[in-house]
Amino acid sequence: MAGDKEIEYNLFAVQLAFLFHAKIAPNLLTIDAGPMIQYNGKLDLQSDNEENLYVYLNNGNSILAKELEEISQINLNGAIGATLGLGAFKFRAQYVYGFTNILNKLNGNEAEFGPHSGNTDFKGNQAMINFMALITF
């Protein structure tokens, strides 16, 4: 290895949430929880000149950066959070966890990844923290 380099990808995603709200303090605090369905595109390399760089896996094998682009496009997430505010102004903090393995589509494709990939077992569950400001009218 000549040196470590961070490879950055872009991911476009759309989420549809079905949240239930439990009023803890009416007109002040609610707890929000429920499932989310997420559709996302593939992982897009930010720089095209990085597509032939090798990514070294924990098992000692490697694959090309461009081979990681095809990920699972439909995912199921769970969200839990709280909304706090008075009147028309509210703030929401939310934690989102991916129940499905977003990298599952990469598993079983060793033939596509070439001789360096070896036996791969990709595992990737998303985790996000969202902060929102809401103005209602």
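The values are calculated or read from the model by the stated rules, or taken from the named source; none is laboratory data. Please read these numbers as outputs of a predicted model, since none were measured by experiment. Counting neighbours? That spans all protein chains shown, and the Cβs are built from the backbone with ideal geometry, glycine included. With ligands, DNA and RNA removed, areas are computed over all heavy atoms of the protein, side chains included. Shrake-Rupley method; radii C 1.70, N 1.55, O 1.52, S 1.80 Å.
ILE24 meets the conditions (1) under 26 Å from LYS105 (Cβ atoms); (2) of a type in the set (A, V, I, L, M, F, W, C); (3) in contact with a Ser or Thr (Cβ under 8 Å, 6 or more places away or on another chain) in every case but one. The failed one is (1). So, of the residues in the range 110-131 that are in a loop (DSSP other than H, G, I, E, B) and open to solvent by less than 40 Å² (accessible area, probe 1.4 Å), which turns out to be modelled with the lowest pLDDT? Filtering the range 110-131 for residues that are in a loop (DSSP other than H, G, I, E, B) and open to solvent by less than 40 Å² (accessible area, probe 1.4 Å), the one modelled with the lowest pLDDT comes out as SER117. Taking the conditions (1) in contact (Cβ under 8 Å) with a residue 24 or more places away in the chain; (2) not in a strand (DSSP E or B); (3) not hydrophobic (A, V, I, L, M, F, W, C) in turn, ASN58 satisfies each one other than (1).
To keep it simple, each residue is scored yes or no on (1) surrounded by 14 or more Cβ atoms within 10 Å (Cβ to Cβ); (2) modelled with pLDDT of 95 or more.
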site: ASN58; (1), (2): no, no
site: ALA65; (1), (2): yes, no
site: ALA88; (1), (2): no, no
site: VAL96; (1), (2): yes, yes
site: ASN101; (1), (2): yes, no
site: ASN104; (1), (2): yes, no
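What number of residues within the range 61-109 are under 14 Å from the mean Cα position of the chain (by Cα) and assigned to a loop (DSSP other than H, G, I, E, B)? Going through the range 61-109 one residue at a time, the tally reaches 10.
Would you be able to say whether some residue in the range 32-44 is of a type in the set (Val, Ile, Thr), within 13 Å of the chain's Cα centre (by Cα) and open to solvent by less than 60 Å² (accessible area, probe 1.4 Å)? The answer is no, given that none of the residues of the range 32-44 is of a type in the set (Val, Ile, Thr), within 13 Å of the chain's Cα centre (by Cα) and open to solvent by less than 60 Å² (accessible area, probe 1.4 Å).
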